[in-house]
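Structure first, commentary second.
The values are calculated or read from the model by the stated rules, or taken from the named source; none is laboratory data. Model, not experiment: these values are computed from the prediction. Because the Cβ atoms are built from the backbone with ideal geometry, glycine has one as well, and the counts that use them run over all protein chains shown.
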Amino acid sequence: MNFLFLTLITKTINPFIMKKTLIILLICLGNFGIIQAQNESFEEDALKLTKLSNDAVEASFSQLYAMIPAENLDSFKKDFKPIMDTYYSKIAEMSMEYYSHEDVKQLLKFYESELGEKMLETQSKLAVKSMEMGQGLSMELMPLVQKYSK
């Protein structure tokens with residue numbers, strides 16, 4: 001029955017219109033493939049940028065790893081990896097809302113420069129020191145907060 005319907009349509013529709021429709025359909029499918037490939041490239045670049053710029057997060061894992069007994073650390077890291085992969089993917093998706101693909105490419109180029117590499121190296125050290133300072137600040141502010149929260 002479907003074959004009969006298809007035969008009826010092809011006989012009633014002008015062959016010229018069929019060819020045009022087929023060409024338009026093929027162009028649309030081709031463009032879809034190109035757009036999809038560009039989007040995948042953008043996603044890959046955004047993920048790379050996210051992982052590069054999150055070295056400070058990685059540095060904080062040493063404190064987390066210290067809480068795990070040595071005999072369980074490898075298993076923990078194995079289970080922890082997919083969680084972090086999901087986290088990085090979500091951060092990359094968010095960055096794609098704010099940066100164009102060209103922006104991401106330029107940021108990657110910066111991080112590959114001498115200054116960018118230096119920034120990445122010092123970023124984790126600064127993050128650790130900032131966390132320590134933040135803890136000290138919290139303790140310093142606690143009496144003040146208690147004074148005014150009564």
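For the range 74-88, enumerate the residues that are closer than 21 Å to residue 123 by Cα and surrounded by 14 or more Cβ atoms within 10 Å (Cβ to Cβ).
84, 88
What helices (runs of 4 or more DSSP H) completely inside the range 45-146 contain at least 3 residues that are in contact (Cβ under 8 Å) with a residue 60 or more places away in the chain?
Once the helices (runs of 4 or more DSSP H) in the range 45-146 are filtered for at least 3 residues that are in contact (Cβ under 8 Å) with a residue 60 or more places away in the chain, what remains is 55-66, 101-112.
What about residue 105, is it at pLDDT 90 or above and either surrounded by 14 or more Cβ atoms within 10 Å (Cβ to Cβ) or in contact with an Asp or Glu (Cβ under 8 Å, 6 or more places away or on another chain) (or both)?
yes
All but one of (1) among the charged types (D, E, K, R); (2) surrounded by 10 or more Cβ atoms within 10 Å (Cβ to Cβ); (3) over 19 Å from residue 49 (Cα atoms) hold for residue 71; which doesn't?
Exception for residue 71: condition (2).
Mind checking which residues of the range 88-147 are farther than 13 Å from residue 48 by Cα and small (Gly, Ala, Ser)?
100, 113, 116, 124, 127, 130, 134, 136, 138
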